[in-house]
Each structure stands twice: as C-alpha cells, then as structure tokens.
Amino acid sequence: MSKELHKYFDAERRAVGEARGFVITSLKRWGVTGAEAEDIRLCVSELATNALHHGTRRGHGFLVRLRVDEDSVRLEVHESQDVSPDQPPHMREAADTETAGRGLSIVDALADEWGVDERSPFGKIVWSRFKAAPTPQFAQPHLPVRPPPPA
C-alpha cells in the first residue's frame, strides 16, 4: 500500500528550506530515517533549488510530491517551465572553481533512478526514486504501556 503527500511552494528563496522540512517531516512520519532520509533530503534541496532558479515561470512556484510504498520512495518536483527540446535538464561537469552546476550530479549519485517527464498542461516533473523501506512502526497504533501487576 502506498502513501502520498504533496505541498506547493512559492518561488521564494526560503522555499528550498521549507521543502527540505516538508520532506524530512513526511519521511519521519512514514518511518523512513537514517541514510536514506538524508539522501532524499539532499536531493530535494538540489531539485528545489533548480526549480527555483531554472524551472519556474514568473508568478509560479513549484510542487513537491512524495510517495512511499513497501520498498521505495519517489520524490517529484513539479516545475512550471516546459521541457526545452534544446536544453532538457541534464548533468553537467562543473569546474572546481564553479559554485553551481552539480545538482543533478548529486541526484544521480544518491538516487537509484531519476528522470524528467512532461507535465500537463505545461511544465515538467523532475523525479528521483530511492530504495528505502519504511520501518513497520509507522503503520502500528501507539499502545499505552501498563505497569506489571503487583506481586
């Protein structure tokens, strides 16, 4: 059984941190923690930054969608800019002296898969998938602990 959450972010500088917070809170709720959660947090940071700088139309923000199932987490960032046939999102080699240009290389290194899909009526979806199984406690109700009976 899969679970899904999504949240829209305005095209503002603080949106990247807010997207990271949304992802970490959602993953904790689902029982995805540790190295897997950290990889996903880093990837949403890179993809949200790319959306903010390269993927949003004037007056539009971006949407982050997370879906978890038995063995994986899918992270999507929905952007309002269409996929350019001349310049689709791609990894590039950044020079050592450059401070930008490594985002998709980081996503490629951390995610098990990633890609770009067209979005209707306009825009694109940059997605990544991670093999990460939630811990069983996320589906169990919290039961009160009772003290042992007196001897």
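Using the average count of surrounding beta-carbon atoms within 10 Å as a protection proxy, the listed peptides 27-33, 39-45, 11-17 rank, highest first, as 39-45, 27-33, 11-17.
ARG14 to GLU70: FRET efficiency via 1/(1 + (r/R0)^6), r the Cβ-Cβ distance, R0 35 Å, to the nearest 0.05?
Details: r = 34 Å, r/R0 = 0.98.
Efficiency at R0 = 35 Å is approximately 0.55.
Are there trypsin sites (Lys or Arg not before Pro) in the range 44-80 that DSSP marks as loop and that have at most 15 other Cβ atoms within 10 Å, and which are they? Walk me through the intermediate numbers first.
Values: sites: ARG57, ARG58, ARG65, ARG67, ARG74; in loops: ARG57, ARG58.
For trypsin sites (Lys or Arg not before Pro) across the range 44-80 that sit outside H, G, I, E and B with at most 15 neighbouring Cβ atoms in 10 Å, the list reads ARG57, ARG58.
For GLU4 and VAL116, the FRET efficiency from 1/(1 + (r/R0)^6), where r spans their Cβ atoms and R0 equals 22 Å, is about 0.65.
Each value in this text was obtained by applying a stated rule to the coordinates, not by laboratory testing. The shown structure was predicted, so the numbers you read here are calculated from the model rather than taken from an experiment. For neighbour counting, all protein chains shown are included, and Cβ atoms are generated from backbone atoms with ideal geometry for every residue, glycine included.
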